[in-house]
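Worksheet: the structure to be examined is printed underneath.
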Amino acid sequence: MSAWPATKARRVLAALKRVGWQVVRTSGSHRTLRREGYAQYRFAYHDKEELGPVILAEIAKHTGLRPDDL
């Protein structure tokens, strides 16, 4: 079983902001995020879209997000 629960994209984006990511550009549903010490990350999900464990693990790999942050 995965440590990542399925959750809405809006909740993931809010968690990223809480841990220090900032939205630097928006184009439609794509948001470019920046945080000191990390490469830019493009978050490309609609707010109401359900994200599963595999996608959440991929986001975590690039952003340092942890299941506890959600």
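The values are calculated or read from the model by the stated rules, or taken from the named source; none is laboratory data. All values derive from a computational prediction rather than experimental measurement. Cβ sites come from the backbone with ideal geometry, for glycine too, and all protein chains shown count toward neighbours. What goes into the accessible areas is simple: the full protein's heavy atoms, side chains included, and nothing from ligands, DNA or RNA. Shrake-Rupley method; radii C 1.70, N 1.55, O 1.52, S 1.80 Å.
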For a quick check of your reading of the model, give me the residue pairs whose first member lies in the stretch 41-57 and is open to solvent by 50 Å² or more (accessible area, probe 1.4 Å), whose second is assigned to a helix (DSSP H, G or I), with beta-carbon atoms closer than 6 Å and at least 6 apart or on different chains.
47/9; 47/10; 49/9
Qualifying residues in the stretch 58-70 (those that are surrounded by 14 or more Cβ atoms within 10 Å (Cβ to Cβ) and in a loop (DSSP other than H, G, I, E, B)) - the one modelled with the lowest pLDDT:
70
Sort out which residues of the stretch 1-40 are charged (D, E, K, R) and either in a strand (DSSP E or B) or free of Cβ contacts under 8 Å to residues at least 24 places away in the same chain (or both), and write them in order of number.
8, 17, 25, 31, 34, 36
Return yes when residue 11 is touching a His at 6+ places or on another chain (Cβ under 8 Å) and open to solvent by 80 Å² or more (accessible area, probe 1.4 Å) and no when it is not.
no
